[in-house]
Each structure stands twice: as C-alpha cells, then as structure tokens.
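All of the numbers you see were taken from the coordinates with simple rules; none came from a lab. Just so you know, these numbers come straight off a predicted model, no measurement behind them. Here the Cβ is made from the backbone with ideal geometry for all residues, glycine too, and neighbour counts use every protein chain on show.
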Amino acid sequence: MASKHEQIAGSLIDDILSGHYRVGERLPSERDLAARFDANRGACREAMKKLEQMGLAEVQPGGARVQDRTNASLDVMGHLFAQGKLPDAILLDQTMLVINRLLGLAAEQSLELASEEEIRQIRHLLKPLMSGKLDREAHTLARFELMKAIMETSRNLPIQLISRTLFEQMWPNLAALHQHTHFDNAAYIDFAHALDSALQKGDKAALRATFDGFANLNRETMMQALATAEAKSQEALSR
C-alpha cells in the first residue's frame with residue numbers, strides 16, 4: 001500500500017498531467033493538502049518534494065507552482081501511460097520509436113565493441129525467433145532477452161539508462177494489450193535471419209537496415225494490438 005505522501009503526490013501528478021492545474025498555476029498549500037488528504041504537514045511536504053524532483057513543480061517560499069511537463073524527468077512517463085485504461089496511442093508510438101532507435105544505435109556499437117563470444121551469444125539468442133514456433137509469452141521473452149543482450153554489449157551507458165527507464169515506465173501499463181498482441185512470425189523469422197547475417201559479416205549498413213525494419217515491425221505489432229483493444233472496449237460499452 002502506498003504511503004500517505006505517495007498518495008498525495010500521485011493525486012497531484014494526475015491533476016497536473018490531466019490539465020487540472022495549468023503551467024505557472026499555484027498548487028494547494030501544505031495546510032490545504034493536509035485537510036484534503038487527512039495527512040500531516042510532513043507528508044504534504046514530502047509529496048511536494050517528489051513533484052519538484054520530477055520537475056513538475058517549482059517549490060518557492062510562497063508555495064509551489066506547476067512546471068511545464070517538458071521539464072519533467074523520465075519518471076513522468078509511467079504516470080502518463082497510466083492515465084487511461086489503455087495507453088495513449090501517440091505516446092505509445094513515440095516511446096516505441098525512441099526505444100527502437102536507441103536499440104539500433106546499441107546494435108551498431110555492439111558490432112564495433114563486443115567480443116566474438118558476445119556476438120556468438122547474441123546470434124544464439126536469435127535461434128528461438130528463427131523457429132517460428134513460439135507462443136505469445138515465449139516470443140516476447142525471446143525478443144526481450146535479445147534486446148537486453150544488445151544493450152549490454154553496446155557499452156553505451158546513456159543508451160542503457162534511457163532505454164531501460166522508458167521500458168520500465170511503459171511496460172507495466174501494457175498489460176491490457178498483451179492478449180490482443182499477434183506476431184507476424186514470418187516477418188520476425190526474416191528479421192532474425194537478416195540480423196544473424198549482418199552480425200556474422202560485421203555489416204553495419206545491413207545491421208542498420210535490419211533494425212529499421214525491426215522498429216517498424218514492433219511498432220505495427222503494438223499499434224495493432226492497441227487498435228484491437230480499443231475496438232473491444234468500445235464493443236463492450238455499446239452492449
């Protein structure tokens with residue numbers, strides 16, 4: 001169960017992101033928050049501190065004011081994804097685009113920096129995807145292990161930190177899409193073989209082209225799952 005200051009912070013974050021409080025507007029005082037949430041002033045102060053750390057509020061002697069969300073840390077992404085029963089389509093597409101671009105850069109650096117044994121390990125992780133016999137859960141796990149290995153062997157800390165944070169903020173809020181996710185096995189098999197060939201030959205241009213295709217495939221898969229989930233939700237409401 002969330003602590004009192006986490007409950008207060010969570011409520012204020014939702015209010016800010018939903019537009020209840022506009023940029024520059026003053027947030028409720030500690031006294032008002034204490035009365036609203038039946039909390040002590042210390043919990044309210046901790047909540048404000050969290051908002052300040054996230055970049056959503058600027059705490060001044062006269063009170064706290066809302067900051068533009070473009071000043072926020074990546075931790076705000078999880079709250080944005082959790083705003084509705086289903087993820088926002090534009091936010092999901094943009095986040096997947098960024099993650100896949102970072103993955104492509106990581107793959108190029110892996111090709112330059114990874115040892116022969118590490119390259120062999122990455123190629124070994126491609127074999128399940130080549131089989132075309134994986135169920136939904138196993139397919140997701142195989143892709144995750146592949147991406148994790150590529151990120152680790154890239155030796156690029158900024159890429160690792162940003163991509164991991166984005167993934168961790170996004171993934172828990174995609175549960176509603178899992179049952180609607182259907183993989184184009186033939187397309188993923190082609191991707192796995194193309195990636196294996198590029199890694200074996202050390203062909204950076206082929207690797208880049210392969211990951212561009214992989215990015216589009218991943219995005220199409222998730223956006224189709226979201227479209228299906230939205231249609232099912234509308235169907236249920238109309239009954």
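Brief remarks follow.
- Mean-square fluctuations from a GNM of the chain, with a 10 angstrom spring cutoff on Cα atoms, peak among GLN160, GLN60, GLN169 at GLN60.
- Degrees, to the nearest 10: 116-131 long Cα axis against longest axis of the chain: 90 degrees
- The phi-based Karplus calculation (6.51 cos²θ - 1.76 cosθ + 1.60; θ = phi - 60°) puts the 3J(HN,Hα) values of segment 140-154 at 4, 5, 4, 5, 5, 5, 5, 5, 4, 5, 5, 4, 5, 7, 6 Hz, whole numbers, x for Gly and Pro.
- Think of the chain as a dipole: +1 on every Lys or Arg Cβ, -1 on every Asp or Glu Cβ, centred on the Cα centre; then among LEU126, LEU237, MET147, LEU237 lies furthest on the positive end.
- Inter-label distance for THR70 and LYS127, nm, one decimal - labels placed 7 Å from Cα along Cα-to-Cβ: 5.0 nm
- Order of HIS180, HIS193 - criterion: other Cβ atoms within 10 Å of each residue's Cβ, fewest first: HIS193, HIS180
- Estimated vicinal HN-Hα couplings, Hz - segment 62-72 in sequence order (Karplus 6.51, -1.76, 1.60; Gly, Pro = x): x, x, 10, 10, 6, 9, 4, 5, 5, 8, 6
- Using a Förster distance of 25 Å, the FRET efficiency for ALA82-GLN60 (Cβ separation, nearest 0.05): 0.30
- Crossing angle, helix 4-17 versus the chain [Cα axis fit, 0-90 degrees, rounded to tens]: 80 degrees
- For Cα extents along the principal axes in Å, the candidate list reads (i) 51, 43, 35; (ii) 53, 46, 36; (iii) 65, 51, 29; the entry that matches the value derived from this model is (iii).
- Cα gyration tensor shape of segment 179-239, rounded if a/c is under 1.5, else prolate or oblate by comparing a/b with b/c: prolate
- Result for the chain in a Gaussian network model with C-alpha springs under 10 Å: among SER154, SER73, SER110, the largest mean-square fluctuation is at SER73.
- Residue-wise HN-Hα couplings along segment 195-202, as the Karplus relation 6.51 cos²θ - 1.76 cosθ + 1.60 with θ = phi - 60° gives them from phi, are 5, 4, 5, 5, 5, 5, 8, x Hz; Gly and Pro carry x.
- Three-way shape label, segment 4-71, alpha-carbon gyration tensor, a/c 1.5: prolate
- Our helix-only sum for the chain, with -39,500 (n - 2.57) per DSSP H run of n ≥ 4 divided by its residues, gives a mean residue ellipticity at 222 nm of -23500 deg cm²/dmol.
- Three-way shape call for segment 70-144 based on the alpha-carbon gyration tensor, with the a/c threshold at 1.5: oblate
- Cut-off 15 Å between beta-carbons: net charge of the residues surrounding SER238, Lys and Arg +1, Asp and Glu -1: 0
- Rounded to the nearest 20, the size of the Cβ-charge dipole of the chain about its Cα centre is 320 debye, with Lys and Arg at +1 and Asp and Glu at -1.
- Within the listed set ARG164, ARG36, ARG219, the Gaussian network model of the chain (springs between alpha-carbon atoms below 10 Å) gives the highest mean-square fluctuation for ARG36.
- Seen against the Cα atoms of the chain and their longest principal axis, helix 41-54 is set at about 40 degrees.
- Length-normalised contact order for segment 76-238 - Cα pairs under 8 Å, 6+ apart - percent: 36 percent
- Cross-link partners of LYS201 among lysines (Cα-Cα below 21 Å; sequence separation of 8 or more within a chain): LYS127
- Per-pair calculated FRET efficiency, R0 = 41 Å: ALA227 and GLN200 via Cβ, rounded to 0.05: 0.65
- Amide hydrogen proximity for ALA64: with H placed 1.01 Å from N in the peptide plane, the residues at 5 or more positions away or on another chain lying under 5 Å are LEU27.
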